[in-house]
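Peer 1: What follows is a single structure, and I will ask about it in a moment.
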Amino acid sequence: MIPVKQTLTDELYGNCLQASVASLLDKPLDNVPNFMLFEDHWWSALLMWAGSNGYYVEYIESEPPEDGKYYVVSLVYEIHKKGLSHAVVLKDGQIAHNPWVNSHYDNFKYRIDGYYKFIPRAVANAR
């Protein structure tokens with residue numbers, strides 16, 4: 001996992017998911033789209049991009065397992081009244097990488113909404 005920082009912090013079009021996916025898959029930020037630009041179709045955009053890059057993606061509404069692997073997770077910070085989520089990379093229950101450019105969120109309480117499991121297509125096809 002190579003940490004990549006987000007470059008857009010807008011509440012609607014911020015690219016924390018883009019930066020987290022790039023970090024998880026060891027890709028430069030420019031090689032991963034900002035899925036939020038697809039607005040209501042961001043999930044479809046993520047699935048299509050992942051598929052074209054050899055991955056199948058599952059979103060699981062729970063905390064990821066503590067198995068030594070990295071996962072992109074969706075956090076909801078208590079400080080946000082709007083319920084905005086933020087993508088980070090988690091490993092064994094701890095934030096391994098927060099793409100936010102400012103670390104002031106690091107001490108705020110949050111809950112995990114769910115996690116994205118990126119499965120190489122060869123593994124997914126063998127199931």
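Read the figures in this text as sums done on the coordinates, not as results from a lab. If you're wondering where the values come from, they're calculated on a predicted model, not measured in any experiment. Please note: Cβ atoms are built from the backbone with ideal geometry, for glycine as well, and neighbour counts cover all protein chains shown.
Peer 1: What does the extension gain come out to for MET1 and ALA45, with contour length at 0.36 nm per residue minus their alpha carbon separation?
Peer 2: Length difference between fully extended and current span is 13.6 nm.
Peer 1: Can you sort GLU63, GLU39 so the residue with the fewest Cβ neighbours within 10 Å comes first?
Peer 2: Arranged by neighbour count, lowest to highest, GLU63, GLU39 become GLU39, GLU63.
Peer 1: Between VAL76 and ALA122, take the C-beta separation as r, use R0 = 25 Å, and let me know the FRET efficiency to the nearest 0.05. Walk me through the numbers on the way to the answer.
Peer 2: Values: r = 33 Å, r/R0 = 1.34.
So, using R0 = 25 Å, E works out to roughly 0.15.
Peer 1: Which of the peptides 27-33, 3-9 is most tightly packed, and how do the rest follow, judged by the mean count of other Cβ atoms within 10 Å per residue?
Peer 2: Numbers: 27-33: 14.9, 3-9: 16.7.
Those peptides, ordered most packed to least, come out 3-9, 27-33.
Peer 1: Another question, then. Keeping to pairs on different chains or 8 or more places apart, tell me how many lysine pairs in the chain have Cα atoms under 25 Å apart.
Peer 2: Total qualifying Lys-Lys pairs in the chain comes to 18.
Peer 1: Could you give the length gained by full extension between ASP26 and ASN102, i.e. 0.36 nm per residue of separation minus their alpha carbon distance, to one decimal place? Write out the running numbers ahead of the final one.
Peer 2: Working: separation 76, 0.36 × 76 = 27.36 nm, distance 2.15 nm.
So the extension gain works out to 25.2 nm.
Peer 1: Counting other beta carbons within 10 Å of each residue's own, what order do HIS41, HIS97 fall into, fewest first?
Peer 2: Details: HIS41 11, HIS97 20.
Least crowded to most crowded, the residues run HIS41, HIS97.
Peer 1: Tell me which of SER85, LEU8, ILE60 sits at the most positive position along the dipole axis of the chain, charges placed on C-beta atoms (Lys, Arg +1; Asp, Glu -1).
Peer 2: In the chain, that residue is ILE60.
Peer 1: Can I ask one more? If you plug each phi of the range 56-70 into the Karplus form 6.51 cos²θ - 1.76 cosθ + 1.60 with θ = phi - 60°, what whole-Hz ³J(HN,Hα) values come out, in order, with x for Gly and Pro?
Peer 2: 10, 10, 10, 10, 10, 7, 6, 7, x, x, 8, 10, x, 9, 8
Peer 1: Could you size up the charge dipole of the chain around its Cα centre, putting +1 on the beta carbon of Lys and Arg and -1 on that of Asp and Glu, and report it in debye to the nearest 20?
Peer 2: Values: 11 positive and 15 negative charges, 37 e Å.
Charge dipole, the chain, about its Cα centre: 180 debye, nearest 20.
Peer 1: Against the longest alpha carbon principal axis of the chain, how many degrees, from 0 to 90 and to the nearest 10, is the axis of helix 42-52 turned?
Peer 2: For helix 42-52, the angle is close to 40 degrees.
Peer 1: Restricting to Cα atoms and excluding each atom paired with itself, what does the Kirkwood estimate give for the chain in Å?
Peer 2: On the way: mean 1/r = 0.0677 Å⁻¹.
When all Cα pairs of the chain are included, the Kirkwood radius is 14.8 Å.
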